[in-house]
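Chemist: Below is a structure I'd like to ask you about.
The values are calculated or read from the model by the stated rules, or taken from the named source; none is laboratory data. Nothing here was measured: the structure is a model prediction, and the numbers come from that model. Cβ placement follows ideal geometry from the backbone for every residue including glycine, while neighbour counts extend to all protein chains displayed.
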Amino acid sequence: MKIQFINPPFLGRFSRAQRSPGVIKSGTMYYPYWLAFAAAVAEKQGHNINLVDCPASGRTESDLIDDIFQFSPDLIVMESVTSSWQSDIALSEVIKRQFPNIKICLVGTHVTAMWKETLESQPAVDFVAIGEYDYTISELADCLQYSRPSFEKVAGLAYKSHRQIRRNNDRPLIQDMDDLPWISPIYKKFLNPTDYYFNLSYHPMVMLIGGRGCTAMCFYCVYPQVMHGHRYRHRSPENIIREILWIQQNMPEIKEITFEDDNFAADRKFAREFARLAKENSIKLPFFANLRTTVDFETLKSLREAGLRNTAVGFESGDNRILKNMRKGQDTVRQIEFVENAHKLGLLVHGCFMVGFPGETRETMRKTLDLAFKVKPDSAQFYPVMPYPGTGAYSYYSKQGYMATGNFRDWLTVEGGHRCVLNLPGLTAENIEKFCEKAFRAFHFRPRYLLYKLLQAIKNPREGWRSLNAGLKYLFYLFTNRRKKQQPFAVQAPPMCDEWLGHIPVPMGRMEKRQKAKGDHNSG
């Protein structure tokens with residue numbers, strides 16, 4: 001069967017695969033790695049595949065229709081996220097109108113959480129693949145090849161049958177991650193690496209996934225909460241090393257490997273073995289990985305010696321009460337200790353800071369900025385909490401009446417930048433947005449920071465060029481964005497109450513609920 005995997009067009013360079021999709025200030029554009037995994041599985045199963053990434057390649061809706069006409073697929077698999085959902089289902093209607101015999105399946109975090117609403121709102125959507133869809137798509141394609149297809153046995157599938165919406169049993173999470181084919185050959189076959197950009201890595205880079213799931217219980221993090229659960233299921237270090245060696249041999253233009261696991265060192269034994277094999281096999285490419293501040297010094301040291309150059313770390317807040325409310329599983333003492341260890345090893349740290357958590361006040365936001373000044377990461381980002389459907393955050397803010405809008409398109413600005421959708425006691429969405437913008441400028445445009453970057457560029461011109469490129473992209477955003485022309489939400493901040501200043505219990509996300517309901521340790 002011919003299957004076309006599509007990252008659909010939306011707002012130009014819309015980076016859909018990241019945890020908070022949007023048109024990013026730094027120009028970041030993620031690879032469509034989840035689509036690539038499903039495409040690789042389908043190809044391995046004997047299906048004829050095609051992968052089209054419209055945001056990265058600059059394809060418009062008209063271009064995409066031409067691509068569909070040329071490939072003539074039997075099944076279209078299209079990724080959808082919260083802020084693009086309305087556009088994605090509208091595009092499904094356009095495709096179905098021109099190609100009525102093509103079946104359309106939507107995949108991704110948003111439709112996983114809102115599968116029923118998706119099928120009810122758009123007749124053109126035939127299927128929704130819920131959760132990890134790598135094997136769901138291939139099994140669906142197998143069924144469609146029969147004259148009278150029967151979809152009941154395809155785990156993880158929701159669909160329409162006899163004017164009714166049906167949902168099959170959940171698909172068990174993949175346990176042997178080495179069963180998944182490599183995605184780098186898919187990249188090489190269908191994508192252009194120069195179309196993708198990550199300001200924390202050398203360009204061009206390749207994004208890989210070493211494992212899925214995260215042992216942390218942060219109530220807002222979309223992939224563990226909605227798709228992959230709270231246990232780290234990783235590929236074998238040998239499997240990953242072989243893929244990197246393949247990249248070095250077959251994609252010589254690549255300058256760095258970017259691991260997009262939620263926490264690459266969640267399993268210390270795995271991380272250290274990967275580091276040992278990387279050195280043993282003389283891996284030449286440096287690599288980036290997301291880490292938590294809970295990683296121990298020896299594991300961090302082994303990764304650094306193996307080629308870890310830069311890491312993104314979720315500090316989130318500088319207030320311990322807020323960290324407890326969000327279930328971060330760390331405190332400010334541990335955060336400071338982690339950065340001290342990283343600096344001893346010469347490891348660059350990108351600090352991720354967020355505001356808008358349960359119990360947030362102007363004072364706790366100031367503590368967050370103070371923490372950024374204190375730990376001195378190489379770079380930093382400041383974002384509002386984005387409570388995506390399926391997470392405990394979405395359940396909490398919706399139930400408490402703290403959502404500033406019910407329109408998912410309003411989660412982005414006109415040009416695609418992130419927009420706060422929370423209206424908290426004492427803090428409106430506009431208050432939170434303004435803090436994020438001011439904090440970003442206060443951190444990066446300090447004379448001390450600019451001097452640090454200048455000295456870094458003199459000592460290491462390659463790092464200097466990377467930072468300069470990211471800075472120029474931000475300045476372009478600063479002078480061209482239309483945020484000031486966009487009207488703020490017409491809501492007033494709820495009154496402050498004593499409960500807001502204490503410990504606030506938060507609900508579970510989709511995968512936690514699934515694990516608790518089924519007693520299935522493999523689901524989370």
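Chemist: Which residues, taken from segment 398-426, are within 13 Å of Val491 (Cβ to Cβ) and crowded, with 20+ Cβ neighbours inside 10 Å?
Modeler: Tyr402, Ala404, Cys420, Val421, Leu422, Asn423, Leu424, listed by residue number.
Chemist: Step by step: first the residues of segment 191-206, then only those that are in contact with a helix residue (DSSP H, G or I) (Cβ under 7 Å, 6 or more places away or on another chain) and under 11 Å from Thr28 (Cβ atoms), then the one that is surrounded by the fewest Cβ atoms within 10 Å (Cβ to Cβ). Which residue is that?
Modeler: Among them, the one singled out is Asn199.
Chemist: Let me ask something else. Just checking, does segment 143-150 include any residue being hydroxyl-bearing (Ser, Thr, Tyr), in contact (Cβ under 8 Å) with a residue 12 or more places away in the chain and outside the structural domain of Met227 (by TED's automatic domain parsing)?
Modeler: Within segment 143-150, not a single residue is hydroxyl-bearing (Ser, Thr, Tyr), in contact (Cβ under 8 Å) with a residue 12 or more places away in the chain and outside the structural domain of Met227 (by TED's automatic domain parsing).
Chemist: Ok, one more. Could you check segment 498-511 and list, in sequence order, the residues that are under 24 Å from Val226 (Cα atoms) and more than 19 Å from the chain's Cα centre (by Cα)? Show your work before the answer.
Modeler: Residues of segment 498-511 under 24 Å from Val226 (Cα atoms): 504-511.
Those that are under 24 Å from Val226 (Cα atoms) and more than 19 Å from the chain's Cα centre (by Cα): Ile504, Pro505, Val506, Pro507, Met508.
Chemist: Looking at segment 127-142, which of the residues that are in contact (Cβ under 8 Å) with a residue 40 or more places away in the chain and of a type in the set (Asp, Glu) is surrounded by the fewest Cβ atoms within 10 Å (Cβ to Cβ)?
Modeler: So the residue we want is Asp142.
Chemist: Can you tell me which of Glu256, Glu280, Glu273 is modelled with pLDDT of 95 or more, touching a helix residue (DSSP H, G or I) at 6+ places or on another chain (Cβ under 7 Å) and in the same structural domain as Asp331 (by TED's automatic domain parsing)? Break it down into steps so the answer makes sense when it comes.
Modeler: Details: Glu256 fails: touching a helix residue (DSSP H, G or I) at 6+ places or on another chain (Cβ under 7 Å); Glu280 fails: touching a helix residue (DSSP H, G or I) at 6+ places or on another chain (Cβ under 7 Å).
Checking each option against the conditions leaves just Glu273.
Chemist: Within segment 109-120, can one find any residue that is farther than 30 Å from Phe357 by Cβ and not β-branched (Val, Ile, Thr)?
Modeler: yes
Chemist: So which of Ser184, Ser147, Ser201, Ser236 ends up being among the small types (Gly, Ala, Ser) and farther than 30 Å from Leu277 by Cβ?
Modeler: Ser147
Chemist: How many of the residues in segment 391-416 are outside any loop (DSSP other than H, G, I, E, B) and out of contact with any helix residue (DSSP H, G or I) (no Cβ under 7 Å at 6 or more places or on another chain)? Break it down stepwise before answering.
Modeler: Initial filter on segment 391-416 (outside any loop (DSSP other than H, G, I, E, B)): 392-400, 403, 408-412.
From what's left, out of contact with any helix residue (DSSP H, G or I) (no Cβ under 7 Å at 6 or more places or on another chain): 393-400, 410-412.
Count: 11.
Chemist: Give the residues of segment 481-511 that are without any contact (Cβ under 8 Å) to a residue 24 or more places away in the chain and part of a helix (DSSP H, G or I), sorted by residue number.
Modeler: Passing the criteria: Lys484, Asp498, Glu499.
Chemist: Quick one: which strands (runs of 3 or more DSSP E) lie wholly within segment 256-323 and hold at least 2 residues that are in contact with an Asp or Glu (Cβ under 9 Å, 6 or more places away or on another chain) and within 24 Å of Arg19 (Cα to Cα)?
Modeler: Counting at least 2 such residues, we get 287-291, 308-316.
Chemist: Within segment 490-510, can one find any residue that is in the same structural domain as Met403 (by TED's automatic domain parsing), of a type in the set (Lys, Arg) and closer than 27 Å to Val222 by Cα?
Modeler: No; the residues of segment 490-510 include none that is in the same structural domain as Met403 (by TED's automatic domain parsing), of a type in the set (Lys, Arg) and closer than 27 Å to Val222 by Cα.
Chemist: Take segment 115-125 and flag every residue that is surrounded by fewer than 21 Cβ atoms within 10 Å (Cβ to Cβ) and of a type outside the set (S, T, N, Q).
Modeler: Lys116, Glu117, Glu120, Pro123, Ala124
Chemist: Let me ask something additional. Can you tell me which residues in segment 122-154 are out of contact with any strand residue (DSSP E or B) (no Cβ under 8 Å at 6 or more places or on another chain) and among the β-branched types (Val, Ile, Thr)?
Modeler: Answer for segment 122-154, where residues must be out of contact with any strand residue (DSSP E or B) (no Cβ under 8 Å at 6 or more places or on another chain) and among the β-branched types (Val, Ile, Thr): just Val154.
Chemist: Which residues, counting only those in segment 432-451, are closer than 25 Å to Gly346 by Cβ, surrounded by fewer than 18 Cβ atoms within 10 Å (Cβ to Cβ) and touching a residue at least 60 places away in the same chain (Cβ under 8 Å)?
Modeler: Of everything in segment 432-451, just one residue is closer than 25 Å to Gly346 by Cβ, surrounded by fewer than 18 Cβ atoms within 10 Å (Cβ to Cβ) and touching a residue at least 60 places away in the same chain (Cβ under 8 Å), namely His444.
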